[in-house]
Each structure stands twice: as C-alpha cells, then as structure tokens.
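The values are calculated or read from the model by the stated rules, or taken from the named source; none is laboratory data. If you're wondering where the values come from, they're calculated on a predicted model, not measured in any experiment. Ideal geometry is used to build each Cβ from the backbone, glycine not excepted, and the neighbour counts take in all protein chains shown. Remember, those area values only see protein heavy atoms, side chains included, never the ligands or the DNA or RNA. Shrake-Rupley method; radii C 1.70, N 1.55, O 1.52, S 1.80 Å.
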Amino acid sequence: DAGITQSPRHKVTETGTPVTLRCHQTENHRYMYWYRQDPGHGLRLIHYSYGVKDTDKGEVSDGYSVSRSKTEDFLLTLESATSSQTSVYFCAIRAPSNEQFFGPGTRLTVL
Amino acid sequence: EDKVVQSPLSLVVHEGDTVTLNCSYEVTNFRSLLWYKQEKKAPTFLFMLTSSGIEKKSGRLSSILDKKELFSILNITATQTGDSAIYLCAVEQETSGSRLTFGEGTQLTVNP
C-alpha cells in the first residue's frame, strides 16, 4: 500500500458539468501524476506535478486542469465533461527510488 | 514520437506453462523500464530495469533489459491461474517529471 487514495471511486455525470477528482497521498512525495486508462490505449499521462503549485502537461491534457496547493493533494478538474472523457483515472506518486505507485482509480462515466 | 510496443496483446495458456512477454521501445532520453501487473484494479509494481543484461527476479517472475536492441522481456514460469492479468510495460524518460510512457499491455489468461 503506497498510501494513495482517490475520491470519488465511481462517478456518473452529465455532459457539460464540471468534475473534480481528488488524489491524496500520505507519503510526502514530491511527484504526483494523473493518468487515464482506456481500452486500446493503455495508460496515458494527463498532467503531473513536481511540487506545490508546480504542474505540467502530459500527452492528453486537453480538457483537463490540475491544481496542487498542498503536497498531499493533487486535484484533476474536467471543466466541462464530455463523453470522450469517460475513462478510468489513476493517480500515481513517484517514490525516491523512482518507481511509480498507483492509487485505486476512479471510474468516471459521462453521459 | 516516443513509443512502447508490447507483444503479444493477448495470450492464453494452461497452468504450468512458461510464458514470455515482450516490450520494445523507442524513446528519447531513456532512464529505466518498468513492469506492472494489473488485475481488475490499479497496476502493481513488479520490476524496474536500468542496466542491460542484469536479470531481476521475484519468485517465478523474471525480467531482463537489452538497451542495445531496445527491448525487455518478462518471463513467468510454472504459471498459475492467479497470474491472469494485464502486464504493462512502461519506459521512464530523463525529462522534467520523469514521465512514464506505457505500452498497451499484454492480457494473460491462465486456464486450469
């Protein structure tokens, strides 16, 4: 257990509504990541953070924003959800030994 | 464009068989290659490989990296039904944030 929790674990929402997913870590690691996982695509990086208020884009960042105001929390926001954002979202942290460990995931359905 | 390709995409074997999963990559600024196992939940870490030719081993699982030919293999001997999972390969780059690029994964099914 890498001390990572995600909330909510499941969410169903409607197109056009804002959605925020939360990732919380208890390990005080500097690097945190948001991925989405879709059939045929594997895991793809959305955004990552390398410290409080320090974030950068991944390969599929369009339509998503992130914030990190505390070391332990990394928020992913869909400003206006679309059906193409239906996915499973994983948060990850990077340990000092460079391995990344994943949270339990959030299954998001956009109707 | 950075690319990680796994093969086969799916594999069905019988308990006791030995399997070899493949991962090839083309990325800039390679740092390490990681293997994960994913059952119906989050990926769990198996191995991290940074040097060519040095085998990492954990029980019936082992893995090796070839940095010249840009590939890695994951071997599972004496497979069990509990080995059924998606096996993910990812490559870490020496970039800001140490991002991972994942392959699509290999779906392994072990039948009794």
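Assorted remarks:
- The strands (runs of 3 or more DSSP E) found wholly in region A:72-111 and carrying at least 3 residues that are within 11 Å of another protein chain (Cβ to nearest Cβ) occupy A:87-94, A:100-102.
- Taken over region A:30-51, the criterion of being open to solvent by 20 Å² or more (accessible area, probe 1.4 Å), within 9 Å of chain B (Cβ to nearest Cβ) and either touching a residue at least 24 places away in the same chain (Cβ under 8 Å) or of a type in the set (Val, Ile, Thr) (or both) is satisfied by A:Tyr31, A:Gln37.
- Screening A:Gln100 with (1) within 11 Å of the chain's Cα centre (by Cα); (2) crowded, with 19+ Cβ neighbours inside 10 Å gives one miss only, at (1).
- Residues that are touching a Gly at 6+ places or on another chain (Cβ under 8 Å) and either more than 13 Å from chain A (Cβ to nearest Cβ) or open to solvent by less than 70 Å² (accessible area, probe 1.4 Å) (or both), drawn from region B:26-41: B:Gln38
- With respect to the conditions (1) farther than 25 Å from B:Cys89 by Cα; (2) in contact (Cβ under 8 Å) with a residue 40 or more places away in the chain, A:Gly63 lacks only one, and its number is (2).
- Residue pairs whose Cβ atoms lie under 7 Å apart, separated by 6 or more positions or on different chains, with the first residue in region B:1-16 and more than 22 Å from B:Ala78 (Cα to Cα) and the second exposed (fewer than 13 other Cβ atoms within 10 Å of the Cβ) and not acidic (Asp, Glu), are B:Asp2/B:Thr28.
- A:Leu21 open to solvent by less than 30 Å² (accessible area, probe 1.4 Å), in contact with a Pro (Cβ under 9 Å, 6 or more places away or on another chain) and over 26 Å from B:Glu94 (Cα atoms): yes
- Unmet criterion (only one of (1) under 25 Å from A:Gln37 (Cα atoms); (2) in contact (Cβ under 8 Å) with a residue 60 or more places away in the chain) for B:Ala78: (1)
- Lone qualifier among A:Thr5, A:Thr86 - being among the hydroxyl-bearing types (Ser, Thr, Tyr), under 28 Å from B:Pro8 (Cβ atoms) and open to solvent by 50 Å² or more (accessible area, probe 1.4 Å): A:Thr86
- Once region B:42-68 is narrowed to residues that are in a loop (DSSP other than H, G, I, E, B) and free of Cβ contacts under 8 Å to residues at least 12 places away in the same chain, the residue that is least open to solvent (accessible area, probe 1.4 Å) is B:Ala42.
- For region B:33-47, residues that are hydroxyl-bearing (Ser, Thr, Tyr) and under 13 Å from B:Ser63 (Cα atoms) total 1.
- Filter result (on the phi > 0 side of the Ramachandran plot and either of a type in the set (Asp, Glu) or outside any strand (DSSP E or B) (or both)) within region A:36-65: A:Gly40, A:Lys53, A:Gly63
- Tally, over region B:61-76, of residues that are more than 14 Å from chain A (Cβ to nearest Cβ), under 14 Å from the mean Cα position of the chain (by Cα) and on the phi < 0 side of the Ramachandran plot: 11
- Qualifying residues in region B:77-112 (those that are open to solvent by 50 Å² or more (accessible area, probe 1.4 Å), assigned to a loop (DSSP other than H, G, I, E, B) and touching a Leu at 6+ places or on another chain (Cβ under 9 Å)) - the one farthest from the other protein chains (Cβ to nearest Cβ): B:Thr77
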